[in-house]
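Reviewing the structure listed below.
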Amino acid sequence: MSLEHFEKSAALSLGVELEMQLVNTHDYDLAPYAEDMLRLMSKIPLPGAVVPEMTSSMIEVSTGICHTSSEVLGELTQIRDALVKCADKLNIAIVGGGTHPFQQWHERRIYDKPRFRELSELYGYLSKQFTIFGQHVHIGCPDADTALLTLHRMSRYIPHFIALSASSPYVQGQDTAFDSARLNSVFAFPLSGRAPFALTWDEFTVYFNKMAHTGVVKSMKDFYWDIRPKPEFGTIEIRVFDTPLTIERATALAGYVQSLGCWFMNDDTFMPTEDDYLVYTYNRFQACRFGLDAVYVDPATGGHMPLREHILMSMDRIEHHAASVGASASIDLLRRSVERNDNDARWLRERQGEERLLAEVIRQAAERFRGGMGHVLRA
């Protein structure tokens, strides 16, 4: 197998993918309705795509190629409204969040698709445990070398992405004490983690060819890295986000990525080094465990500071870049969230503290995902 050619794409273009939970409206457990949802959704003209995922209680939706976060929001709104309409017809609900709080992994069914069957045979029970839900953000890069440089610059901000999107505090009915427990399931896969340190496409091609020669990988799809190049799209894909509870937050996260990308591609900013990764796993763990309360170790200086402060510093640094790409509203939404020490994991814990019943928390999360849809489509 050879590495695909890195296609041309518009610099800073955006694409967003969301993995969504399908739950019944009886006890709000996961429900195996992916095939029915895909059938109904296929009848509605929509941007992007709607596709199955590993197990039959989840689907993935994606935008088309967007150029601003407002375009992302417009497309996600259309998709969200169609999801809610189709779910209502099936008497199920659509929910965000990185994990379902009380589903039992052994009850899941692998979706009947050759690649998913192949992965199930390879990874065993991990495949069913992969019933977790993430947001992926693609950002367009003008060429392959810029893509790799942007990827490694973006890696310093992986803890920021995790803390801002964290929405998976519960697993199998238990509070895990993590804000993002979802990523612990991802880390179990052998080809997860960080990308190799290559700053040119020629270097990366050498690495890929060596891996392909071992027979371990056949394509870029076999890598579950936190950020990976997507040569067929001309993008890099950031994969550490939990699926947020609302499309507004999903959009804001995409706007944050685009603003950082604008800084990286247009300013003579820092040059990443292999030593950046000395603290990478530690920073990532801190963000998964403590969310916005994490400690961030600056890879350049070795200094320790609250992650919350570093996120706010980054937002100040990219403010004019955000304005130039039309992402100021995205940064403002996230900034207010950080200043309140608020993310979706906290919202879920607060609801559970009030309700003492995770099924009711999921019901409320489903209503939250509906947003302005309210009860209109139930009439």
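What the table shows:
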{"item": "Test: residue in the stretch 170-182 that is of a type in the set (Asp, Glu) and surrounded by fewer than 14 Cβ atoms within 10 Å (Cβ to Cβ)", "result": "no"}
{"item": "In the stretch 206-216, residue farthest from residue 339 (Cα to Cα) [restricted to those that are touching a residue at least 12 places away in the same chain (Cβ under 8 Å) and surrounded by 16 or more Cβ atoms within 10 Å (Cβ to Cβ)]", "result": "212"}
{"item": "Meets criteria (of a type in the set (Lys, Arg), under 30 Å from residue 176 (Cβ atoms) and crowded, with 19+ Cβ neighbours inside 10 Å) for residue 284", "result": "yes"}
{"item": "Pick from the stretch 231-275, criterion in a loop (DSSP other than H, G, I, E, B) and of a type in the set (Asp, Glu), ranking: nearest to the chain's Cα centre (by Cα)", "result": "232"}
{"item": "One residue from 337, 330 being farther than 23 Å from residue 264 by Cα and either modelled with pLDDT of 95 or more or open to solvent by less than 10 Å² (accessible area, probe 1.4 Å) (or both)", "result": "337"}
{"item": "Some residue of the stretch 95-107 being among the β-branched types (Val, Ile, Thr), part of a helix (DSSP H, G or I) and open to solvent by less than 40 Å² (accessible area, probe 1.4 Å)", "result": "no"}
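The values are calculated or read from the model by the stated rules, or taken from the named source; none is laboratory data. All figures in this text were calculated on a predicted structure; none of them were measured in a lab. Counting neighbours? That spans all protein chains shown, and the Cβs are built from the backbone with ideal geometry, glycine included. Each accessible area value is taken on the protein alone, full model and side chains, heavy atoms only, with ligands, DNA and RNA left out. Shrake-Rupley method; radii C 1.70, N 1.55, O 1.52, S 1.80 Å.
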